[in-house]
1. Return only the number of the condition from (1) outside any strand (DSSP E or B); (2) under 24 Å from H17 (Cα atoms) that V118 does not satisfy.
2. In the stretch 12-32, how many are over 15 Å from the mean Cα position of the chain (by Cα) and surrounded by fewer than 19 Cβ atoms within 10 Å (Cβ to Cβ)?
3. Name every residue in the stretch 102-147 that is more than 13 Å from the chain's Cα centre (by Cα), among the small types (G, A, S) and buried (at least 23 other Cβ atoms within 10 Å of the Cβ), in order of residue number.
4. Looking at A131, is it assigned to a loop (DSSP other than H, G, I, E, B) and either modelled with pLDDT of 80 or more or among the β-branched types (V, I, T) (or both)?
5. How many residues, within the stretch 153-166, are buried (at least 24 other Cβ atoms within 10 Å of the Cβ) and touching a strand residue (DSSP E or B) at 6+ places or on another chain (Cβ under 8 Å)?
6. Confirm whether L81 is hydrophobic (A, V, I, L, M, F, W, C), buried (at least 22 other Cβ atoms within 10 Å of the Cβ) and closer than 20 Å to G139 by Cβ.
7. Kindly check whether there is at least one residue in the stretch 140-156 that is within 13 Å of L69 (Cα to Cα), of a type in the set (G, A, S) and in a helix (DSSP H, G or I).
8. Can you tell me how many residues within the stretch 72-110 are touching a Pro at 6+ places or on another chain (Cβ under 8 Å), closer than 25 Å to S155 by Cα and modelled with pLDDT of 95 or more?
Amino acid sequence: MTRTLIIPGLDGALGPHWQHWWAAHDPKAVLVGQDDWSRPTPEAWEAEVAGAVIQHPDAILVAHSLGCLVVARLLAKWPQLRIAGALMVAPADPARSKRLSAFRVVPRQPLGVPVTVVASRNDPWMSFAQARDLAQAWGGEVVDLGFAGHINVDSGYGPWKGGLALRDNIVRRKADPASFLRPVSTRIPANWRVR
């Protein structure tokens, strides 16, 4: 059974956030915690995620916002970890806030696993062009959700069942390793977000 390890962004995934919903409704999903969601340190957060990966080998990592940078840093530092793939949703640019400055070193290398970056054309935390460039640097694909904000509750993403389909696609791509070596850009209609 492939586990889903959910890695929230800054301040965690509270209330109706799609990550919170997934953790509550998917028996294969585990929300990876940390000591201080509002003042995270890269090393401590990476250690928490690494510990979860060791406990649940071959899991899919599903990250949001700052959590995407944590996953990228983890995969770049510890390529020997057994990770099936990563769904990186709305990565954050650490230059946009002093609270994120400790995460300013963002790996720009292939991460060695199937990676899908889900990006928005009007995300206040990272431009679409930056997200597309990161997806390319990480050896992954980019999914363009159009004008979807930060792909969080404020932009209308509660349960976000479409995201589950993207996660499941990574499992299928893992079964065909050659498929993730061909990065593609996919445009998804914005109304696909919650249905």
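The values are calculated or read from the model by the stated rules, or taken from the named source; none is laboratory data. The model shown is predicted, which means the values in this text are computed figures rather than measured ones. No Cβ is skipped: glycine too gets one built from the backbone with ideal geometry, and neighbour counts run over all protein chains shown.
1. (1)
2. 8
3. Of everything in the stretch 102-147, just one residue is more than 13 Å from the chain's Cα centre (by Cα), among the small types (G, A, S) and buried (at least 23 other Cβ atoms within 10 Å of the Cβ), namely S120.
4. No: the conditions fail for A131.
5. Within the stretch 153-166, residues that are buried (at least 24 other Cβ atoms within 10 Å of the Cβ) and touching a strand residue (DSSP E or B) at 6+ places or on another chain (Cβ under 8 Å) number 1.
6. So L81 fails the test.
7. No.
8. Final tally of qualifying residues: 2.
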